[in-house]
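What follows is one structure encoded as structure tokens, with my remarks underneath.
The values are calculated or read from the model by the stated rules, or taken from the named source; none is laboratory data. Here the structure is a predicted model, which is why all the values come from computation and not from measurement. Here the Cβ positions follow ideal geometry from the backbone for every residue, glycine too, while neighbour counts run over all protein chains shown.
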Amino acid sequence: MRRGVPNLLKNGAQHLTGLDEAVLRNLEACKMLSELLRTSLGPQGMNKMIINHLSKLFVTSDTATILKEVEVEQAAAKILVMAAQMQEQEMGDGSNYVCMIGGELLNLAQDLIYQGLHPQDIISGYTMAAQKVTEVSKNFVVHGIDTDELVNVDKLAQVIKTPISTKQYGFENELSKLVAEACVAVMPKNTFNFAVDNVRVMKVLGGSIHQSYVVRGMVFPQVPISQSPSLCDIADAKIAIFTCPIDAADTDTKGSALLSNAQELMDFNQDEEKQIEKYILDIKSSGVNVVVTGGTVSDLAAHYLEKHSIMCIRLQSRFELRRLCRATGARPLVSLGAIPPEYQGHCSRVYIKEIGLDHFTIFEHNEGNECNISTIVLRAATHNTLNDVERAIDDGVNTVRAMGKERRGIFLPGAGAYEAAVAHSLQSFARNDVSGIQQYAIEKFAEAFLIVPRTLAENAGYDAVNVVANLLEIHQKDNNTESLPIGLDIEASGNRVQKPFLNVNDKQIYDLYNVKMNALRLIMDAVCTILRIDQIVTCKKAGGPQIGAHKKLASQQGAEGWDDNDENF
């Protein structure tokens with residue numbers, strides 16, 4: 001009989017306990033995850049080439065995309081991955097920050113365990129340090145914008161430049177201006193109701209990023225059914241949106257018609273034509289000159305729509321129909337006929353435009369009209385570049401959303417300045433205000449925050465050890481006044497520069513306060529959860545024989561039909 005806990009479990013289950021088998025194994029896995037992602041931090045971060053299980057290629061430095069596609073299997077590392085994914089969902093940015101600092105905290109906790117500290121002592125010290133960081137962070141705020149400045153394109157572009165530059169360094173000025181214009185166009189009076197989904201991106205292959213622009217409305221890759229010159233550009237459009245086909249009505253039950261001669265066949269066809277034309281005349285008499293449908297459009301209906309000068313567009317996605325309803329103020333209709341004014345949508349202009357090698361239909365509002373949805377027409381040379389730039393735009397829009405939720409924006413210094421200031425504050429707190437064994441954990445917490453400027457220096461090609469030491473020395477001199485906005489200058493010439501520093505206010509490098517605080521909360525949840533794990537129980541996997549064990553299975557049971565190629569499935 002098996003002894004211990006395995007005696008309680010099914011055959012095939014695994015039980016790991018102790019420092020080496022459980023605790024340190026989890027900490028090592030999280031450390032490796034942090035090492036995988038930290039080289040992608042900052043404007044000089046390196047890209048990762050990911051080929052997922054469907055053989056789709058991703059070349060990106062976006063942490064959320066990397067974590068989604070690599071499919072992390074280790075259980076403790078999954079906890080850190082889930083924290084990063086939650087940061088992406090709530091704030092849209094900072095997922096690398098969560099993984100990197102969380103992994104470093106667990107890596108330094110490994111050193112403390114080797115020194116003899118109990119995990120509960122480490123958790124207690126880390127909790128005290130996190131509370132101290134929350135208290136002192138408000139003292140480090142260097143910039144802020146109010147509610148009325150959230151509708152100022154220049155002010156908004158200034159503060160969203162940093163999250164965009166981490167993904168698309170060199171294009172941050174153009175992209176931040178585009179994102180600011182698109183967000184201001186759809187910003188509601190109550191900024192709390194700002195929705196990320198109201199800013200759309202239409203990716204057009206060809207051209208360069210500098211040719212991108214913003215449309216106050218929606219852009220569709222479809223063209224009207226009839227491309228008559230008179231129906232390619234309609235001003236002051238009144239729009240009807242149908243979810244049903246534009247065709248003769250079908251009966252609920254099937255019937256048969258007995259036709260005895262050619263005249264009866266002619267009369268039958270004429271009745272159908274009259275019915276469809278009546279539908280189109282009813283639509284025309286309502287003042288509608290643009291029809292959008294999610295169903296099919298018969299040839300006969302298309303003929304009468306063109307005859308009565310009505311543009312008709314077919315959209316197959318019901319989600320796009322809903323967004324178009326929101327963009328134009330229309331209500332979806334389920335049957336043909338006369339359309340009341342309250343069900344009609346309005347748009348300043350509906351027209352066809354050639355962008356690159358394709359034609360697009362654009363629903364556009366003039367500057368003075370209310371606009372519920374805006375679209376960024378994004379140009380780039382390759383599909384991979386388009387996807388990567390779209391992720392950078394998504395980070396910028398989510399930053400605007402986070403500011404809208406608070407009805408203001410307060411910012412901490414970027415470029416590693418905030419982390420260096422926090423590290424100095426925690427070191428002083430540990431030496432002067434804490435006398436227990438938690439002092440060691442608080443000092444490690446301070447050391448973990450220095451991973452951010454160290455990584456920025458390494459990715460920029462600097463001597464990270466000397467650069468971080470010099471940066472910390474500057475902050476130790478006068479932490480609350482002149483030294484606070486001093487961060488790392490990644491554009492300093494020479495890879496052996498010892499003091500490549502700048503004032504973040506000069507370059508307007510800011511990090512949103514809410515992003516950092518939310519990341520700190522998620523980091524602490526994940527780190528404390530992992531440190532509390534002392535045993536690992538892996539249950540027997542469900543299902544039949546596992547792939548890769550077929551040779552052993554065949555030798556034991558005499559099974560036939562297995563060969564070496566089966567490992568590839």
Flag for His424 being assigned to a helix (DSSP H, G or I), at pLDDT below 80 and either in the same structural domain as Cys99 (by TED's automatic domain parsing) or of a type in the set (Ser, Thr, Tyr) (or both): no
Qualifying positions in segment 422-438 - in contact (Cβ under 8 Å) with a residue 40 or more places away in the chain and within 11 Å of Ser124 (Cβ to Cβ): Val434, Ile437, Gln438
Of all residues in segment 102-142 being surrounded by 19 or more Cβ atoms within 10 Å (Cβ to Cβ) and aromatic (Phe, Trp, Tyr), the one that is nearest to Ala446 (Cα to Cα): Tyr126
Pairs, first touching a residue at least 60 places away in the same chain (Cβ under 8 Å) and surrounded by 24 or more Cβ atoms within 10 Å (Cβ to Cβ) in segment 399-413, second small (Gly, Ala, Ser) and in a helix (DSSP H, G or I), C-beta under 7 Å, six or more apart: Leu412/Ser137
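Taking strands (runs of 3 or more DSSP E) that do not extend beyond segment 193-242, which have at least 2 residues that are more than 24 Å from the chain's Cα centre (by Cα)?
233-242
The rows are residues; the columns are (1) surrounded by fewer than 18 Cβ atoms within 10 Å (Cβ to Cβ); (2) under 25 Å from Val186 (Cβ atoms); (3) assigned by TED's automatic domain parsing to the domain that holds Glu90; (4) modelled with pLDDT under 85.
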| site | (1), (2), (3), (4) |
| --- | --- |
| Asn198 | no, yes, no, no |
| Lys203 | yes, yes, no, no |
| His210 | yes, yes, no, no |
| Cys232 | yes, no, no, yes |
| Ile239 | no, yes, no, no |
| Phe242 | no, no, no, no |
| Gly255 | yes, no, no, yes |
| Gln275 | yes, no, no, yes |
Out of Glu419, Glu354, sole residue that is in a strand (DSSP E or B), charged (D, E, K, R) and farther than 16 Å from Ala237 by Cβ: Glu354
Residues located in segment 427-464, provided they are outside any helix (DSSP H, G or I) and out of contact with any Pro (no Cβ under 9 Å at 6 or more places or on another chain): Asp433, Val434, Ser435, Gly436, Ile437, Leu450, Gly461, Asp463
Elements of type helices (runs of 4 or more DSSP H) in segment 32-143, at least 3 residues being more than 20 Å from Leu456 (Cβ to Cβ) and in contact with a strand residue (DSSP E or B) (Cβ under 7 Å, 6 or more places away or on another chain): 63-70
Number of the condition not met by Ala249 [criteria: (1) at pLDDT below 85; (2) within 16 Å of Gly356 (Cα to Cα)]: (2)
Residue in segment 361-372 that is outside any loop (DSSP other than H, G, I, E, B), outside the structural domain of Phe319 (by TED's automatic domain parsing), under 23 Å from Leu456 (Cα atoms) and in contact with a strand residue (DSSP E or B) (Cβ under 6 Å, 6 or more places away or on another chain) present: no
The listed residue being surrounded by fewer than 19 Cβ atoms within 10 Å (Cβ to Cβ), in contact with a Gly (Cβ under 9 Å, 6 or more places away or on another chain) and farther than 19 Å from Lys274 by Cα, out of Arg349, Arg322, Arg326: Arg349
Gln85 more than 29 Å from Val397 (Cβ to Cβ) and surrounded by fewer than 24 Cβ atoms within 10 Å (Cβ to Cβ): no
Any helices (runs of 4 or more DSSP H) falling wholly within segment 465-569 and containing at least 1 residues that are modelled with pLDDT of 75 or more and closer than 27 Å to Val136 by Cα: 504-507, 513-531
